[in-house]
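What follows is a short report on a single structure.
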Amino acid sequence: MENSVRRRVGLRAESVMELFVYLSGWSAILFVFGIFFFIVREGAPFLVHELDLGEFFSSPNWRPDSEVRQQFGIYALLAGTLSVTALAMLLSVPLGLGAAIYISEFCDGVTKESLKIVLELLAAIPSVVWGFIGYMVMNPIIIWATGAPVGVNVLNGGIILALMSVPIIVSVGEDALKAVPDSFREAAVALGATRWQLIYRVLLPAARNGLLAAVLLGVGRAIGETMAVLMATGHSVQIPSGILDPVRTLTATIAAELGETVEGESHYQALFVIGTVLMLIAMAVNITADLVVKGIRSEERS
Amino acid sequence: MISPHRLHLTPIAVLVGLSTSGCGGAGDEGGHAPESPAESNIIRVTGSDTMVNLAQAWAEDYQGDHPEISIQVAGGGSGVGIAGLIDGIVDMANASRKMKSTELKRAEQALGMSAVEHVVGLDALAVYVHKDNPLESIAIPELAEIYGEGGETTLWAQIGGSSAACSRDEIVRISRQNNSGTYVYFRRAVLGAGREYKLGSIDQSGSKDVVALVSKTPCAIGYSGMAYATPEVKSLPVAAEKGAEAITPTTETAASGDYPISRPLLIYTAGEPTGAIRDYLDWIYSPAGQRIVAEIGYVPIKAVE
């Protein structure tokens, strides 16, 4: 009797939990589509009626508030986002993966724990603080070191973004390396592999999906970051000719200008079109990653 | 700049100030008096970054005497305050530029009454360079050639401002984001009607940020309210024309109109204000309120006794 009641309650609890987990899974999809729908809807009237897509993507002139002639060209902003992100990745991927390999394979005990704690601290610094460091500390240093006329530029933003992406790349990358079974390492060592051969020939190929995920999460962080790049890149509409030129990114433009726009006017809608472009970039990055990972898997199978 | 006797204020002066109407605005009320949210004793003030220090000082002082009133002050830029007024989420919009005709039209449609302008002070827009810059003065046409689209001035040597600290001699233009009233005012007053800014300037979000960046950048030039001057930057005397006498921005030269780039500091309300907002605005025009304008470093609109 008692047993059957307990069993019934247990079954009830199980079905409730099942429903909860099911809903949680679907809610993620719902939220993503909901946000995408909202952003596209806000920008849609402008996209359909006013926007010249050719001008939008090929003109560097972003003058949404001009009294003479409004111009909505995001070419310079795209160039800004891409240049800062590319530089950040160039710096953070080797550094992040190197740190992940060191933490996972070369150290243990107190060193390992303290390194992980410090990296977590690095990840906990708010982006406004990073921006402030870029603005007040890095700016004079870059002027002094490079002779550039101003130190808030692609280099500054790239370094700041790299420092912000490194903790993510390290922690995800370290998990991926940790997931490689010890039998792989033992087998490699038994065959007489040096440490370098073990890492380069065994661990990196075995963990490449996880490492790729680490890098892409880092890219996502870099593209989506707003406050720090707003302060560190100089917020200047121009196509950079080198890493010492100030630029402006897509995210910073939205952050800086959305507050003054009135709902429904073309400037407001144009900013939402930029938001759509950002969503599409993020989607492209994710889909590419997915395809690359799948490509690696099918290669392994054949 | 402020003589000590100005700082002594008797309660009577405050009362006198309160009883006088401080109407500085044009435009009719557009129908019956609005039921303003001021009845709830919360006054929401948003807008011009130039005026945010002033608005905060006003609010603190006023709340000290009127504990029943709560005044919420936020910056963000003139455009942000005006957009908030149109959307009905702001009671008083601080602005360092006049509302555009499109904005006035939208306000009329959204609020059912016109936005009313109140001039509460004057500000001289100072031109800042790094303290090591040897330049002694600058003329408006020179500024226009530096900042304006198609302008040819890109090197400090062209206007005699080269210094060892700025090794590449390139002029770094520091400007404001386009939600700033200062940005809009500078465009009209310095570049002239119909001329746009040259792209590629470094656009800062606040008045203070412009001065901070100029102080750290030997090649830089920037513009910001004169109240934001610090010892690390040099505020250049400005001449209206090349060869004309260059005027140092001070409260006196701004008030007399000798300084060529000074502008009114404005507060916009939805219709003629009533209730708590009216009282607050009257107090701003009183000697107590105008004394704070001078203390912050701007020019009072009414002579402070």
Estimated distance in nm for a label pair at A:Val21 and A:Arg208, the labels positioned 7 Å out from Cα along Cα-to-Cβ: 3.3
Along principal axes, Cα extents of chain A, largest first, whole Å: 77, 63, 41
Largest to smallest principal axis extent of the C-alpha atoms in chain B, angstrom: 59, 47, 30
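Cβ under 14 Å from B:Val73's Cβ, B:Val73 left aside: what net charge do those residues give with Lys, Arg +1 and Asp, Glu -1? Spell out each step's value before the answer.
On the way: positive: B:Arg44; negative: B:Asp49, B:Glu60, B:Asp61, B:Asp91.
With Lys, Arg at +1 and Asp, Glu at -1, the net is -3.
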Using distinct alpha-carbon pairs, which all enter the 1/r mean, Kirkwood radius of the protein assembly as shown in Å: 27.6
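So what's the net charge close to A:Glu263: Lys and Arg +1, Asp and Glu -1, counting the other residues with Cβ under 14 Å from its Cβ?
Details: positive: A:Arg41, B:Arg106; negative: A:Glu42, A:Glu257, A:Glu260, A:Glu265, B:Asp87, B:Glu103.
Counting the neighbours of A:Glu263, the net charge comes to -4.
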Cα-Cα over 32 Å, subset of B:Lys98/B:Lys242; A:Lys112/B:Lys216; A:Lys116/B:Lys208: A:Lys112/B:Lys216; A:Lys116/B:Lys208
Cα→Cβ-extended label distance, 7 Å offset, between A:Phe36 and A:Ala179, nm: 2.4
Centroid-to-centroid separation of the range B:248-264 and the range A:100-132 [C-alpha atoms, Å]: 54
For the range B:274-295 versus the range A:7-51, the gap between their alpha-carbon centres in whole angstrom: 51
Chain A - percent of accessible surface contributed by carbon and sulfur, probe 1.4 Å: 68
Positive dipole terminus of chain B, leading residue within B:Gly148, B:Gly297, B:Cys166 (C-beta point charges): B:Cys166
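How would you rank B:56-65, A:215-224, highest first, on the average number of other Cβ atoms within 10 Å across their residues?
Values: B:56-65: 15.5, A:215-224: 21.2.
In descending order of packing, they fall as A:215-224, B:56-65.
By the scheme Lys and Arg +1, Asp and Glu -1, what is the net charge of all other residues having a beta-carbon under 15 Å from that of B:Asp49? The partial results should precede the final answer.
Values: positive: B:Arg97, B:Arg176, B:Lys208, B:Arg263; negative: A:Glu257, A:Glu260, B:Asp123, B:Asp203, B:Asp209.
Its environment carries a net charge of -1.
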Chain-alone versus full-assembly comparison, the range B:71-118, residues with accessible loss of at least 50 Å² (1.4 Å probe): B:Arg106
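Could you give the accessible area per residue of the protein assembly as shown, probe 1.4 Å, as a whole number in Å²? Before the final figure, lay out the partial values.
Values: 27890 Å² over 607 residues.
On a per-residue basis, the protein assembly as shown sits at 46 Å².
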Accessible area buried, both sides summed, chains B and A with 1.4 Å probe, Å²: 2800
In degrees, nearest ten, helix B:287-296 long axis to first principal axis of chain B (Cα): 20
Alpha carbon centroid spacing (whole Å) that separates the range A:176-205 from the range A:73-99: 31
Cα Rg, Dmax (largest Cα-Cα span) when computed across the range A:2-49, Å: 20.6, 69
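The values are calculated or read from the model by the stated rules, or taken from the named source; none is laboratory data. Bear in mind the structure is a predicted one, so any value in this text is a computation, not a measurement. Don't worry about glycine lacking a Cβ; one is built from the backbone with ideal geometry, like all the others, and counts go over all protein chains shown. Protein only, heavy atoms only, side chains kept; ligands, DNA and RNA dropped before computing areas. Shrake-Rupley method; radii C 1.70, N 1.55, O 1.52, S 1.80 Å.
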